[in-house]
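Peer 1: Once you've had a glance at the structure underneath, I'll fire off some questions.
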Amino acid sequence: MRITKIRATPVAVPYRTDETWAFGSRSGMVSVLVELDTDEGIVGLGEAAAYPSAEIVLSVLKSVERLVVGADPFRIEQLIQRIDVVGTWHHVKATSPAIAAVEAACWDIVGKACGQPLVNLFGGRFRDSVEFFYYVAAPDPDTVKAEGTRATAAGFTTCYLKVGSDSLDIDIERVAALRDGIGPHMNIRIDANEAWTAGTALRAVRAMLPYGLELVEQPVSGRNLQQLAYVRGRMDVPMLANEACWTRYDQLSVIHNGAADVLSVDNQMDGGLLNLKRSAGLCAAAGMTVLKHSLGELGVALAAATHVIAATPNFRHANQAYGALLSDDIVDGFGGGVDNYRDGCLDVPTGPGIGVALDPDRVARYARLYREHGDTEFSFQHPRALTTGLALPKH
């Protein structure tokens, strides 16, 4: 079997509510759907987050086309090695999501050719469903509380809240509002996205302790592992590394520096599903648990990662997904809004390969939306964050 063509379709799916964080805000998600045609008629599906933009993802796909077309999709290790070495991506360190989308599409082809879901190709089911958190993206306390109530009603067990605002008092008020909205038993995970200094991080976490925190994600820079380890050693809440550990090489450094309790791993930033499994294995060898980070993904990429998570023991925490924000999806019955989650979990697809199919009408609708607005409408906009109370920290 040989790959005969790469087809790429950028799509833009609006959010039901804006996503706001310490340095920006966006009103929807852009992804690039990737389809690999083969000479035997099997089509593999993949999906790339538009990181840092759809235009760059499309350019990367064009640049690797000469290495992908003509390749045997069963020889996944060989193909990715060619992209890394001949395509020189080895020197980029954090790979483009475009490459991860090609790799996932190859796995989809293999699964379809074998008549097996991906979970069976990655070790078999360790669990039948995968847990995800509820993303509370609202900036003001009243809406935060309402979103927490919505998360509870939908059966989620973990809420994820962005912090790192210009005022520590605002962050504390929002965490308190979330606890008020979800009650005493749900987990609260906060993420500062590197916005704090070490002193501010320690002061913030101490102030938030009465509200019960599950994990504190990347409170300080991920580029200074000594500082991260310093903060970790002085906090009474487990530290989750994210920006510090987007690739296996970074994860190894975090482990060596004792800079985190839990590591966030990401197949789109580290070249594919096989590397997601490798990342988890690396952390398991160090006695550490992991969870999946997301750059923003629709049903294809979400389903692909769900297979790997389900086959890997040390994914012990709720993973990142965008169900709380998305108004729709481009596949049926998987991902999308919270109605497709059961108690915060997604069942592992049972069909061959990734196990989801594109909805042609919705793909066409959201491809048209992308053509009309491009990345501009749905990429992070810093000024919008300033108007909602989230801004660059003064500390």
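Peer 1: Output wanted: per-residue J couplings in Hz (rounded whole) for segment 332-349, from phi through Karplus 6.51 cos²θ - 1.76 cosθ + 1.60, θ = phi - 60°, x for Gly and Pro.
Peer 2: Taking θ as phi minus 60°, the curve returns 8, x, 8, x, x, x, 5, 5, 8, 9, 10, 6, x, 10, 10, 5, 6, x Hz for segment 332-349.
Peer 1: Same structure, new question: Taking the Cβ of Thr4 as the center, what net charge do the other residues with Cβ under 10 Å away carry, scoring Lys and Arg +1 and Asp and Glu -1?
Peer 2: Neighbour charge sum, excluding Thr4 itself: -1.
Peer 1: By how many nm would the segment from Ser53 to Thr350 grow when fully extended, if each residue of separation counts as 0.36 nm and the alpha-carbon distance is taken off?
Peer 2: Computed gain between Ser53 and Thr350 is 103.7 nm.
Peer 1: Tell me the trypsin sites (Lys or Arg not before Pro) within segment 269-343 that lie in a loop according to DSSP and have at most 16 other beta-carbon atoms within 10 Å.
Peer 2: Passing both the DSSP loop test and the Cβ count: Arg316.
Peer 1: Mean separation of Cα pairs under 8 Å and 6+ residues apart, divided by the residue count of the chain: what relative contact order is that in percent?
Peer 2: 25
Peer 1: Taking every pair of alpha-carbon atoms in segment 1-159, what share in percent sits in each 5 Å bin, from 0 to the bin with the longest distance?
Peer 2: Over segment 1-159, the share of Cα pairs per 5 Å bin runs 2, 8, 14, 15, 15, 14, 13, 10, 6, 3, 1, 0 percent.
Peer 1: To make sure I understand, if each residue's beta carbon is the centre and we count other beta carbons within 10 Å, what order do Tyr249, Tyr135, Tyr51, Tyr230 fall in, fewest to most?
Peer 2: Tyr249, Tyr230, Tyr51, Tyr135
Peer 1: Quick one: 3J(HN,Hα) in Hz for segment 240-248, Karplus 6.51/-1.76/1.60 with θ = phi - 60°, rounded, Gly and Pro as x.
Peer 2: Karplus values, whole Hz, x for Gly and Pro: 10, 8, 10, 4, 6, 9, 6, 10, 4.
Peer 1: Among Ala153, Ala138, Ala301, whose mean-square fluctuation peaks in a Gaussian network model of the chain (Cα, cutoff 10 Å)?
Peer 2: Ala153
Peer 1: Rounded to the nearest 5, what % of DSSP beta bridges with both residues in segment 120-347 are antiparallel?
Peer 2: Counting only bridges with both partners in segment 120-347, antiparallel ones make up about 15 percent.
Peer 1: Of Phe74, Phe378, how do they rank once you tally other Cβ atoms within 10 Å and put the fewest first?
Peer 2: Ascending number of Cβ neighbours within 10 Å: Phe74, Phe378.
Peer 1: From zero outward in steps of 5 Å, how is the percent of C-alpha pairs of segment 92-243 spread across the bins?
Peer 2: 2, 9, 16, 15, 14, 12, 11, 11, 7, 3, 1, 0
Peer 1: So how long is each side of segment 1-59 along the principal axes, counting just the alpha-carbon atoms, biggest first, in Å?
Peer 2: Principal-axis extents of segment 1-59 (Cα, largest first): 47, 23, 13 Å.
Peer 1: State the number of lysine pairs found in the chain whose Cα atoms come within less than 23 Å, restricting to pairs 8 or more positions apart or on distinct chains.
Peer 2: Going through the chain pair by pair, I get 10.
Peer 1: Simple spin-label model, 7 Å along Cα-to-Cβ: Asp332 to Arg66 in nm?
Peer 2: 4.2
Peer 1: Of all DSSP beta bridges in the chain, what percent run antiparallel (nearest 5)?
Peer 2: 55
Peer 1: Stokes-Einstein at 25 °C, 0.890 mPa s, Kirkwood radius from Cα pairs: D for segment 227-353 in µm² s⁻¹?
Peer 2: Approximately 161 µm²/s, per Stokes-Einstein.
Peer 1: Let me ask something additional. For the chain, find the longest principal axis of its Cα atoms and tell me its angle to the long axis of helix 141-153, 0 to 90°, nearest 10.
Peer 2: The helix 141-153 is inclined about 60 degrees to the chain.
Peer 1: Between Tyr230 and Arg75, take the C-beta separation as r, use R0 = 56 Å, and let me know the FRET efficiency to the nearest 0.05.
Peer 2: Between Tyr230 and Arg75 the formula returns 0.80.
Peer 1: Continuing with the same structure: Restricting to Cα pairs below 8 Å that are 6+ residues apart, what does the relative contact order work out to for segment 120-347? Please round to a whole percent.
Peer 2: Taking the mean separation of contacting Cα pairs over the length of segment 120-347, I get 23 percent.
Peer 1: Next question. Give me the orientation-averaged projected area of the Cα convex hull of the chain, in nm², one decimal.
Peer 2: So the mean shadow area of the Cα hull is 17.3 nm².
Peer 1: Find the Cα radius of gyration of segment 120-347, compare it with 2.2 N^0.38 Å by division, and give the number to two decimals.
Peer 2: So the Cα radius of gyration is 0.97 times the expected 2.2 N^0.38 Å.
Peer 1: Using alpha carbons only, how many degrees (0 to 90, rounded to 10) separate the axis of helix 168-182 from the longest principal axis of the chain?
Peer 2: Between the helix axis and the principal axis of the chain, the angle is about 70 degrees.
Peer 1: Compute the helix-to-body angle for 273-285: its Cα long axis versus the longest principal axis of the chain, expressed 0 to 90° and rounded to tens.
Peer 2: The answer is roughly 50 degrees.
Each value in this text was obtained by applying a stated rule to the coordinates, not by laboratory testing. Note that the structure is a prediction, hence the values are computed from the model and not measured. Quick reminder, even Gly has a Cβ in these numbers, built from the backbone with ideal geometry, and neighbours come from all protein chains shown.
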